[in-house]
1. For helix 128-144, report the angle its Cα long axis makes with the longest principal axis of the Cα atoms of the chain; keep it between 0 and 90° and round to the nearest 10°.
2. Would you list which lysines come within 19 Å of K60, measuring only between C-alpha atoms, while excluding same-chain residues fewer than 8 positions from it?
3. Taking the alpha-carbon distance from K196 and a cut-off under 22 Å, which lysines remain once sequence neighbours fewer than 8 residues away in the same chain are dropped?
4. Note down the accessible area of K48, probe 1.4 Å, to the nearest 10 Å².
5. Along the charge dipole of the chain, pointing to its positive end and built from +1/-1 on Cβ of Lys, Arg, Asp and Glu, which listed residue (W172, S127, P99) has its Cα farthest out?
6. How much of the accessible area of the chain, in percent, comes from carbon and sulfur atoms when a 1.4 Å probe is used?
7. With every protein chain left in place and a probe of 1.4 Å, what is the accessible surface of Y95, to the nearest 10 Å²?
8. Could you tell me the center-to-center distance, by alpha carbons, between the range 72-90 and the range 126-181 in angstrom?
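The values are calculated or read from the model by the stated rules, or taken from the named source; none is laboratory data. What you see is a predicted model; the values in this text were computed from it and never measured. All Cβ positions, glycine included, derive from the backbone under ideal geometry; neighbour counts span all protein chains shown. These area figures cover heavy atoms from the full protein model, side chains too; ligands, DNA and RNA do not enter into them. Shrake-Rupley method; radii C 1.70, N 1.55, O 1.52, S 1.80 Å.
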Amino acid sequence: MNDQQMDRQLNIQTGGEQMGFNASMHEHRFEVTPYAWLARLFRAHPLKGSGRLVDFGSGKGRLNFLAHHLFGTPSAGVEVDPSLHEASLRNLKNYKGNPDIEFINGYAQNYEVQPEDRWFYFFNPFSDPVFMTVIDRILASVAEHPREIVVMLFYPSVEYTDFLERRTAFEWTGDIELPVETEDPRERFLIYRLPKWD
């Protein structure tokens, strides 16, 4: 099933490209992860148990809707671009089902991490300093509300992975191969886990 067919099945529209340029050099251009690749991610790492998924740079909400479709997972999507945020709200109205999905228009570094937030997805959405700030906010939330955390990265910068591995307690748990051949070493999923602190 291709991306257009999956969108039709879910009664949403998540494809296309961003028009124009971002207002800030810290925000990266909107791109969607193909459904086939997300399916590979979720087969290797299903969202089991309680908790909420947060997608930073959520665009039109594809990841949020697919996670709900596959697992019934509650989620939040954080998107700075107002037009993409509006598209996600339209999709939420049209989506088949009664999902616990929240879309927030704002900067990722201002997002208030909730105690139920457990899985965090990043498709290289912003600059390294913003990523570090977001991770620091996640860690502050974990210190206040201990729980296991999983960070899922797609197409990460070296700075993202170095920060997680050298300056945090996150543990790399593996790569997830894509269902296609690629010559770009960044084109992969990486999973990092922070065990629950006692």
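1. Tilt of helix 128-144: around 70 degrees.
2. Correct list for K60: K93, K96.
3. Counting by Cα, and skipping residues close in sequence, K196 has these lysines nearby: K48.
4. Ignoring ligands and nucleic acids, K48 comes out at about 140 Å².
5. Positive-most Cα among the choices belongs to P99.
6. 49 percent
7. Only protein atoms counted, so the area is about 20 Å².
8. Measuring centre to centre over Cα atoms gives 21 Å.
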